[in-house]
1. Ordered by residue, what ³J(HN,Hα) values in Hz, to whole numbers, does segment 15-20 give under the Karplus form 6.51 cos²θ - 1.76 cosθ + 1.60, where θ = phi - 60° and Gly and Pro are x?
2. At R0 = 22 Å, how high is the FRET efficiency between residue 43 and residue 115 if r is their beta carbon distance? Nearest 0.05 is fine.
3. Send over a whole-number figure in Å² for the accessible area per residue of the chain, probe 1.4 Å.
4. Give a residue-ordered list of calculated ³J(HN,Hα) values for segment 85-99 (Karplus: 6.51 cos²θ - 1.76 cosθ + 1.60, θ = phi - 60°; whole Hz; x for Gly, Pro).
5. Subtract the Cα-Cα distance of residue 18 and residue 130 from 0.36 nm times their separation in residues, and report this length gain in nm to one decimal.
6. Taking the mean number of other Cβ atoms within 10 Å as a proxy for protection, how do you rank 85-94, 59-68 from highest to lowest?
7. For the charge dipole of the chain, defined by +1 on Lys and Arg C-beta atoms and -1 on Asp and Glu C-beta atoms about the Cα centroid, which residue among 82, 34, 103 has the Cα displaced farthest towards the positive pole?
8. What is segment 1-124 by shape, rounded, prolate or oblate, if you read a ≥ b ≥ c off the alpha carbon gyration tensor as root eigenvalues and call it rounded for a/c under 1.5, prolate for a/b larger than b/c, and oblate otherwise?
Amino acid sequence: MRCVITFGTFDLFHYGHLRLLERASECGDKLYVGISSDAFSAKKKGRLPVYNEFERMSIVSALSCVDGVFLEESMEAKRKYLSEYNADVLVMGCDWQDKFDELKDICDVIYLDRTVSISSTEIISRINTDYKF
């Protein structure tokens, strides 16, 4: 049985997130998703997520392609998470291309193309620009 892990913030869950998770699940038999904690997300992106970590974990765990979720606390802990889950495959979006190649000593590393023209940052920008409340 091949275990796959991917990581992300998954804020403002959208079609691009869904496609990434569906394609990641096709790389093995079980898919586990590390959801960035609120503190870690704020450190990475310079702002807190719109949805808190509990809400984001609940949304992602409800998907049929996901077998489990866990809270990701830091970038440096990825090796630890991969080992804890006995992961055979790490799947990341291509915006992380080559960033996790040092983990190829413990698992396969696959970078998937992003869904074109959609991101949480773009959605927030569109809301701020196109909708005046």
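The values are calculated or read from the model by the stated rules, or taken from the named source; none is laboratory data. Everything numeric here is computed off the predicted structure, so don't read it as measured data. Cβ sites come from the backbone with ideal geometry, for glycine too, and all protein chains shown count toward neighbours. For the accessible areas, the whole protein counts, side chains as well, though only heavy atoms, and no ligand, DNA or RNA atoms are used. Shrake-Rupley method; radii C 1.70, N 1.55, O 1.52, S 1.80 Å.
1. These are the phi-based 3J(HN,Hα) values: 4, x, 4, 4, 5, 4 Hz.
2. Once the sixth-power term is evaluated, E becomes 0.30.
3. 56
4. Calculated HN-Hα couplings, in order: 8, 6, 5, 8, 9, 10, 10, 9, x, 5, 5, 9, 2, 6, 6 Hz.
5. 37.9 nm
6. Working: 85-94: 19.0, 59-68: 14.9.
With the highest mean Cβ count within 10 Å placed first, the list reads 85-94, 59-68.
7. 34
8. Because its axes are fairly even, with a/c under 1.5, segment 1-124 counts as rounded.
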